[in-house]
1. Measuring from label point to label point, each 7 Å out along Cα→Cβ, what is the Ala71 to Arg33 span in nm?
2. What is the fewest-to-most order of Glu19, Glu30 by other Cβ atoms lying within 10 Å of their Cβ?
Amino acid sequence: MHGDRTALPEGRTSTSLPEPRCPLGYTVAETTRILRKSANTVYGWIDDGVLPARQIAGRGPYYIARHALAALIAADDGVIA
């Protein structure tokens, strides 16, 4: 499906997600820590539509809903780009 360089860490499951700090969802920084991926990778997923995210009024930080991150992890076949 995607390149090996972006495979999710072993043992990460959607049920092991911590609660986001903000009620709007996870920030990109939180997402990078959870998935152990670079911010560039997460922004790439957002730009490519792989990881849905929203900005307030189209500006500022992106917020990723918990269900969107859980769906990304659940859909992972071992190699997410």
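The numbers here are math on the coordinates, done by the rules we state, and not lab data. No experiment lies behind these values; they were computed from the predicted model shown. Reconstructed Cβ throughout: ideal geometry from the backbone, glycine too, with neighbour counts over all protein chains shown.
1. About 2.5 nm separates the two model spin labels.
2. Glu19, Glu30
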